[in-house]
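Sending over a structure as C-alpha cells; questions will come in a sec.
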Amino acid sequence: MKIRNLHHILPRLVVLALLAFICVSCSTRKNTPINRGYHNMTSRFNVNFNGKEALKTGEEEHAKICQDNYITTLPIYCYPPKENLSSIYPSMDRVIEKSSKCIYKHSMFFKGKEYVKNIDEAYLMMGKAYFYKQDYNQAKRIFNYIMTTHKNSNSVEEAMIWNVRCAIRQGYYGQAEDLINETKYYVQPKKSKKLNLQYAAAGAELELTSPTGDPEVAIDYITDALKNKPSKTFKTRMYFILGQLYEKLEQPAAAHDYFLWVAQHSPDYNMEFNARMHLASNYDGSPAKRGQIIKELNKMLEEEKNHDYRDQIYYALSEIDRIDEDTTGWMKNLALSVASYENNDFQRTHSSLRLADLYFDAEQYPQAKAYYDTATVSMPKNYPNYAEIQRKSQVLTELVDNLQLVVVQDSLQRIAKMSESERDRWVKGKIAAYKQEKARKEKEERDKELALQSALGYANYNNQLNNSGSSGKWYFYNSTLMAAGKTEFLRKWGNRKLEDNWRISNKQQLSFDDLANMNNPNAQSDTTEYDEDGNPIIKRETDPEKERYYTQDLPLTPGAIDTSNAMIANALYQASIIYLDLLNDQKRGCETLEKLYSRFPDHTLAPGVLYLLYLNYTKMNDARANRPKEIILTKYADTDIARLIREPDYYKQVAAKLKEIEATYETTYQDYNAKQWQKVIASADASIPNCSDRTLRSQFAYLRAVAVGQTQSEANYRTALEGVLADYGDLPVAELARILLEGLSPAPVAVTTPTASETPAPTNEADGPFTFDPNEWHYVTLIVNVHKIKVMDFKVTVSDFNREFYSLQKLSINSFYINQDEQMVTIARFRNAEAAIDYYNAICQNDKFRADILAKNITPYAMGASNYSTFYKQKDDRPLYDNFFKKNYFNQ
C-alpha cells in the first residue's frame with residue numbers, strides 16, 4: 001500500500017522539485033534560454049500588465065480633468081494646469097513603481113543588448129508617466145536613455161516621438177524641429193499606423209504651438225494623422241481643429257464642411273455645441289445672413305440644454321455686432337456673456353478682456369478696471385499667454401487707477417466751484433436719486449417675495465398630491481421633497497450667496513466690548529479717534545442719504561485745491577510713464593504729458609515732462625519735439641536736463657567716469673588682498689570725493705577702515721568703522737563694519753569684501769528676516785488651530801493623502817507647538833520651491849483639507865530650509881511670512 005502511494009506521489013514531487021530548481025536558477029545574471037524565457041513571461045504577464053492597467057487608468061483620469069478652450073485653436077493634446085494633476089498621481093506613481101520593479105527584477109542586459117523584450121516597454125511606460133505628471137526633464141532622460149541604450153528595441157521610435165513632445169512642452173521649438181525631422185526617417189519605414197499617427201500628431205502639435213508654426217503645414221500633418229485610423233474621439237478633435245484652421249485661412253467653405261461633420265458625429269455635446277456655434281456665426285456682413293444667424297443664436301439661447309453655454313452664445317452675438325461696427329451692441333452682448341458665466345473660465349476671461357479694452361478706449365475707467373479684475377481672477381493657468389496677460393492686466397489696473405483719480409479730482413473741483421445754492425441743489429438731487437433707486441430695489445424684492453410665496457403654495461399642493469403614493473426614501477433622494485424644501489428656503493431667506501455667515505445680510509463684525517456696551521445703556525465711552533497731534537479725527541460719513549456723504553471730499557479751501565492739483569499732476573505723470581515704459585504706447589503717453597504740462601506748466605515735474613516729450617517726439621520723428629526742447633533750453637537752461645540736450649554724450653561721459661572709478665576700485669581691492677594697506681588708504685582718499693555712486697563710495701570707505709585698523713591705532717580704527725556706519729548705515733557694508741566693531745581687536749582681521757559687481761542687494765525690510773532661495777530644500781508647513789482640529793487625527797489624514805498621491809517621495813510628517821493655540825505640522829522634504837508648491841497646491845485643492853483651509857483652521861505655507869529655522873526661532877517676525885510667501889512664491 002505504501003509502495004503504491006509512493007508511485008503516485010513521486011511524479012508530483014519531481015515536478016515540484018523541477019519548478020523550484022527553475023525558479024532558483026532563473027538569475028538575471030545568467031544569459032540562458034531558461035532564464036530569458038522565465039523573465040520574459042513573468043515580466044509580461046505580471047509586472048508590465050499591472051503597469052499598463054495603471055497607465056490606462058491614469059490616462060482616463062487625465063482626460064476627465066482636461067478642459068478645452070474653444071476660444072482659440074484647440075491644441076492637438078490637452079494639458080491641464082499642473083496644480084490640477086493631483087488626481088492622476090496615484091495611478092502614475094503606480095506605473096513608475098511597477099516599471100521600476102520590472103526593470104530591477106527582470107532586466108537581462110548583456111554587452112549592450114537587452115534580452116528581455118518587455119524591459120523597453122517598462123522604460124517607455126515610466127517615461128510616459130513622468131510626462132503626464134509634467135515632469136518633462138525626468139521624462140526626457142528616460143526617452144533619451146531608450147534612444148541611446150536600446151537602439152534596436154521596438155520602443156525606440158515611440159520614445160523619439162515622446163521626446164519631441166517633451167521639447168515642445170518645454171518651449172524648445174528649434175530642438176523639437178530637429179528631433180521631428182530625425183524621427184521621420186525612423187518612423188515612416190516601419191509602416192506602423194500607430195507610430196505614423198503619433199508622429200503626425202506630434203508634427204501638428206509643433207506647428208500649432210511654435211511661434212513660427214505654419215497653419216498649412218499643420219493641416220498637412222493632421223491630414224496624415226487621419227489616414228492612420230485614429231480613434232473616433234481623436235478623429236473628431238482633428239476635424240474640429242481643421243475647421244478652425246481653415247477659418248483662419250479664410251476658407252469658409254472648407255471650414256463649414258469640417259464643423260458640420262463634427263456637429264453630426266461628436267460624442268461630446270460641448271464640442272458639438274461649439275461646432276454649431278462656428279456654423280451659426282459664419283457671418284459675411286450681409287443683412288440677410290445677419291437675420292438668419294441671429295435667429296439661430298436666439299433659438300439656441302431659448303433651449304434648456306444650452307443653459308450652461310449662454311456665455312458663448314452671447315459672445316457670438318457680440319462678434320456680429322463687432323463686424324457691423326455696432327459698439328453699443330458689442331459691449332452689451334459682451335457684458336451678457338460675462339454675466340452668464342457658469343463654469344467656462346476661458347470664455348469669461350476672454351469676454352472680460354474684450355469688454356475691459358472697449359471701456360478703456362471709451363475712457364470709462366471704473367468699468368474697465370472692474371472687467372480687468374474679473375479677467376485676472378477667473379483666468380486659468382493654461383490660458384494662452386497667461387503670464388503676459390496677467391502682467392498687462394496689472395499694469396492696466398494701475399493705469400486705470402491713476403486716470404480715474406484724475407477724473408474724480410476734476411469732478412470734485414468742478415462741484416467745489418459751484419455756488420452754495422447750486423451745490424445744495426446738486427446734493428439734494430443725488431439724495432433723491434439714491435432714495436428712488438432704493439425704493440425701486442425694495443419693490444423688486446417684495447415682488448420677488450410674492451412670487452416665491454406663490455411658487456411655495458404650488459409646490460406644497462403638488463407635494464400633498466405626491467406624498468400619498470410616495471415611498472419612504474431618504475429626503476435627499478426624494479426630488480419632490482427637495483423641490484419643496486428649496487422653495488421654502490427661498491421664501492424664508494431669499495436667494496443667498498453660499499458663504500460664511502450666509503444668514504446675516506449685514507456682515508459687520510462686532511467685538512465683545514461692542515456687544516457689552518449695546519446691552520448696557522449706562523455705559524458711556526469716548527469713541528472719538530485722534531491723530532498723532534491729539535486732534536480729533538472726523539469720521540467719514542457712510543450714509544448716502546446724508547448731505548455730508550457728498551460734500552466731505554470737496555476741496556473748498558485753497559490748501560485743499562493745491563492738494564487736489566498735486567494728486568492730479570502726480571497721477572497724470574504716473575499714467576504717462578505706464579503708457580511709455582510698460583505699454584509702449586508713445587502716442588497716448590505724449591498726449592498725457594501734454595495734458596499735464598498744459599495744466600501745470602510751473603509744476604516741479606515740468607522739466608522732466610518736457611524732456612520726456614522731447615525724447616519721445618524725437619523717436620517718432622515728430623516735429624513737435626522742437627517746442628519742449630526750446631522751453632528747456634530757455635526756461636531751464638541751468639539744469640542737467642538742458643545739459644543733456646546740449647551735450648548728447650553727457651551720460652556717456654558720466655558712465656565713462658564711473659567705469660574709471662570702478663577700475664580704480666578693482667585695483668584698490670587687489671591691493672587690499674595683497675595687504676598693501678597704505679596704497680588702499682591713499683586710493684580710497686583720492687577716489688571717495690570723486691565717486692558719484694554711493695554704493696561704490698561705501699565700499700571704498702570700508703576698505704579704508706580695514707586698512708586703518710592694520711596700520712593705525714585702535715581709536716582711529718574705531719572712528720573709521722563708526723564713520724562707515726554713520727554715512728552708509730543702510731548699505732550692505734554697514735553690517736560688516738558692525739561685526740568688526742563688536743569684536744574689535746588689534747590683531748589683523750581677514751574679511752571677505754564684495755567686489756563692485758558682486759555687492760548683494762539690500763534686504764527688503766517688508767520681508768523681515770526671510771530670504772528667498774528657490775533652489776534650496778523646502779518644507780510644507782501646516783499651521784493648525786488645535787482648538788478646531790485634533791492634530792493626531794489630522795496627521796493620519798495627511799499621511800493617507802501622502803500615501804495616495806505622493807507614495808514615491810517617502811515624505812515624513814512631524815509636529816510641535818509654536819504657541820498655546822497652534823501646532824506646526826511639517827511635511828519634509830522637497831528638493832526645491834517648485835516641488836513644494838506642487839504639493840502645496842495639491843493639498844489646498846484636496847476635499848479633505850479645503851474647507852478647513854478656507855475657514856483658517858489650517859494655514860499652509862511652503863518654506864525654505866533657512867526660513868524654516870527663522871520662522872521657529874523668531875516668533876515676533878512670524879506674521880511677516882504671510883506677505884513674504886505670497887510675494888515670492890505667487891508673485892502677488
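Please report the net charge: other residues with Cβ closer than 14 Å to the Cβ of Ala569, K and R +1, D and E -1.
-2
In the structure shown, do any of Lys184/Lys227; Lys235/Lys289; Lys56/Lys101 have a Cα-Cα gap over 21 Å, and if so which?
Check vs 21 Å cut-off fails for Lys235/Lys289.
Same structure again: So for segment 317-432, if I pair up every lysine 8 or more residues apart or on another chain, how many of those pairs have alpha-carbons under 19 Å apart?
Pairs that pass both the separation and distance tests number 5.
Still on this model: State which entries of Lys82/Lys117; Lys117/Lys151; Lys151/Lys810 exceed 23 angstrom in Cα-Cα distance in the structure shown.
In this structure, Lys82/Lys117; Lys151/Lys810 exceed 23 Å between Cα atoms.
Can you list the residues, at least 5 places off or on another chain, whose amide H is less than 5 Å from the amide H of Val786, using H built in the peptide plane?
Residues meeting the amide H criterion: Glu822, Gln823.
Please enumerate, by chain and number, the lysines with C-alpha under 23 Å from the C-alpha of Lys629, excluding those fewer than 8 residues away in the same chain.
Cα-Cα hits under 23 Å: Lys587, Lys595, Lys619, Lys652.
Run the numbers on segment 803-885 and let me know its relative contact order in percent, using alpha-carbon pairs under 8 Å that are six or more apart.
Answer for segment 803-885 is 17 percent.
Once amide H atoms are placed 1.01 Å from N in the peptide plane, what residues at a sequence separation of 5 or more from Asp622, or on another chain, have their amide H within under 5 Å of its amide H?
For Asp622, no residues qualify.
Using only the Cα atoms of segment 253-389, what are the Rg and Dmax in Å?
In order Rg, Dmax, the Cα atoms of segment 253-389 give 15.5, 46 Å.
I've got another one for you. Counting Lys +1, Arg +1, Asp -1, Glu -1, what net charge surrounds Asn819 among other residues with beta carbon under 11 Å of its beta carbon?
Within the 11 Å Cβ shell, the charges total 0.
Quick one: check the C-alpha center-to-center distance for segment 689-731 versus segment 316-378, whole angstrom.
Computed from Cα coordinates, the inter-centre distance equals 60 Å.
OK, next. Over all directions, what mean area does the Cα convex hull of segment 346-397 project, stated in square nanometres?
Mean orientational projected area (segment 346-397, Cα hull): 3.0 nm².
Within the set of other residues whose C-beta is less than 11 Å from the C-beta of Asp321, count the net charge using Lys and Arg as +1 and Asp and Glu as -1.
Charge balance in the 11 Å sphere: -1.
None of the figures in this text is laboratory data; all of them are computed from the coordinates on show. Small disclaimer: the values here were computed from a predicted structure and weren't measured. Neighbour counts are summed over all protein chains in view; Cβ atoms, including those assigned to glycine, are modelled from backbone coordinates with ideal geometry.
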